[in-house]
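Report on the following structure.
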Amino acid sequence: MRRPSCIVPTQDWPVIVFRDVTEKRRYEEEQQKAEKLESLGGRSHRRALPHDFNNLLTAILGNLSARACYPRLGDEIAERLNAAKKASNRAEDSRSNC
């Protein structure tokens, strides 16, 4: 798209100078689209992180609870699994307090 950028008067005839602003407009439009997508992505990312954390925590707690199906685990393994379950429960409690 062309539009007059300036009119330069001369002695005999005026000279009109045109400048093509097509590329500039395309660049500005692309910049606006990128900024809009970036802002949308940032908001969805902030919502997705707690959701992903919940999913991981649920999987961990589910697997730790499944240990009840194996009562003949060694004492050391049972203690470690209990400690992991307590830590996961604390993480779940701290998540709900946020």
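The values are calculated or read from the model by the stated rules, or taken from the named source; none is laboratory data. Keep in mind the model is a prediction, meaning the values are calculated, not measured. When we count neighbours, we look across all protein chains shown, and the Cβ atoms used for this are built from the backbone with ideal geometry, even at glycine.
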Query raised in the report: Based on what the data block shows, is SER44 at pLDDT below 70, touching a strand residue (DSSP E or B) at 6+ places or on another chain (Cβ under 8 Å) and of a type in the set (Gly, Ala, Ser)?
Result: no
Report task. Report yes if GLU30 is among the acidic types (Asp, Glu), modelled with pLDDT of 80 or more, outside any strand (DSSP E or B) and surrounded by 10 or more Cβ atoms within 10 Å (Cβ to Cβ), otherwise no. Result -> yes
**Report entry** Residues being assigned to a helix (DSSP H, G or I) and either of a type in the set (A, V, I, L, M) or in contact with a Cys (Cβ under 8 Å, 6 or more places away or on another chain) (or both) - total across the range 64-88
**Finding:** 9
Query raised in the report: Out of the residues in the range 61-94 that are among the basic types (Lys, Arg) and modelled with pLDDT under 80, which is surrounded by the most Cβ atoms within 10 Å (Cβ to Cβ)?
Result: ARG67
